[in-house]
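> Below is a structure I'd like to ask you about.
The values are calculated or read from the model by the stated rules, or taken from the named source; none is laboratory data. Small disclaimer: the values here were computed from a predicted structure and weren't measured. Every residue, glycine as well, gets a Cβ built from its backbone with ideal geometry; the counts of neighbours run over all protein chains shown. Heads up: the accessible areas ignore ligands, DNA and RNA and are worked out on the full protein's heavy atoms, side chains in. Shrake-Rupley method; radii C 1.70, N 1.55, O 1.52, S 1.80 Å.
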Amino acid sequence: MDAWWHQVWSTLIAEFADITDAKQLTQVTVRLLMAALLGAVLGFERELKGKAAGVRTHMLVAIGAALFVLVPRMAGADDAALSRVVQGIVAGIGFLGAGTILKGKEDDAGHVKGLTTAAGLWMTAAIGVAAGMGREATALVSTVLALLVLGVMPWVVDRLEKRKPEDDQQNE
């Protein structure tokens, strides 16, 4: 019976031996936490604006994308294999994004809603991939740029649209 428990214990240790040292544990932790944090930042911005995909969705997309590239990299996958993994992530996020896009009724002039949310999820996945690949600085810069697009561009467009009627009246 003692040999049986020893075998069970040895098997459990082997099953959790994918992280072999403190360096690897630190890398995995930093990359996944970075993906989670940056996903949360983008998700929080979307949630503040009352959009369907909020903090949890963006965090899960970023962590998932990071994990999809982190595990094969740790297992020794070559660049060609990682390229295929990234292609799969992009395609999968495309399906997720498609679920957020709604076309309005005919009386709504066929207005499409959810494109920005879909694009945001796509961007969040890319940021997760960057974090998972150990490109945390790139992931951070990309998040800042995405926040600028989501936060500043609506304000800029609004200001330009308000000026346009005034300019048209002055030209008449």
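> Based on the mean of other beta carbon atoms within 10 Å per residue, what is the order of 125-131, 151-157, 34-40, most packed first? Please report the intermediate quantities before stating the final value.
On the way: 125-131: 27.4, 151-157: 10.6, 34-40: 23.7.
Packing proxy ranking, top to bottom: 125-131, 34-40, 151-157.
> Just the number please: accessible area per residue for the chain, 1.4 Å probe, all protein chains included, in Å². Numbers along the way, then the final one.
Details: 11770 Å² over 172 residues.
Here the residues of the chain average 68 Å² of exposed surface.
> May I pose another question? What is the angle, in °, between the Cα long axis of helix 153-171 and the longest principal axis of the Cα atoms in the chain? Nearest 10 is fine, range 0 to 90.
Between the helix axis and the principal axis of the chain, the angle is about 10 degrees.
> Can you tell me the 0 to 90 degree angle between the C-alpha axis of helix 55-74 and the longest principal axis of the chain, rounded to 10?
40 degrees
> Turning to a different aspect of this structure: Dipole of the range 1-85, Cα-centred, from +1 at each Lys and Arg C-beta and -1 at each Asp and Glu C-beta, to the nearest 20 debye?
Details: 8 positive and 8 negative charges, 113 e Å.
In debye, rounded to 20, the range 1-85 gives about 540.
> Consider all pairwise Cα distances in the chain and report the whole-number % of them above 18 Å. Write down the numbers at each step before the final one.
Numbers: 10140 of 14706 pairs.
Of all Cα-Cα distances in the chain, 69 percent exceed 18 Å.
> Further question on the same structure: Just to confirm the number: angle between the C-alpha axis of helix 22-48 and the first principal axis of the chain, 0 to 90 degrees, nearest 10?
30 degrees
> Once the other residues with Cβ under 13 Å from the Cβ of Gln24 are scored (Lys, Arg +1; Asp, Glu -1), what is the net sum?
Working: positive: Lys23, Arg31, Arg73; negative: Asp18, Asp21.
Spelling it out: positives minus negatives among the neighbours equals +1.
> So, one more: Where the centroid of each part is defined by its Cα atoms, how far is the range 83-103 from the range 142-157 in Å?
Going from one Cα centre to the other spans 22 Å.
> What shape does the range 26-124 have by the C-alpha gyration tensor, where a ≥ b ≥ c are the square roots of the eigenvalues, rounded means a/c under 1.5, and otherwise prolate means a/b greater than b/c and oblate the rest?
Details: a/c = 4.65, a/b = 1.75, b/c = 2.66.
Oblate.
> Another one. Got a number for carbon plus sulfur as a percent of the chain's accessible area, 1.4 Å probe? Walk me through the intermediate numbers first.
Values: 7630 of 11770 Å².
Taking all protein chains in place, the chain shows 65 percent carbon and sulfur surface.
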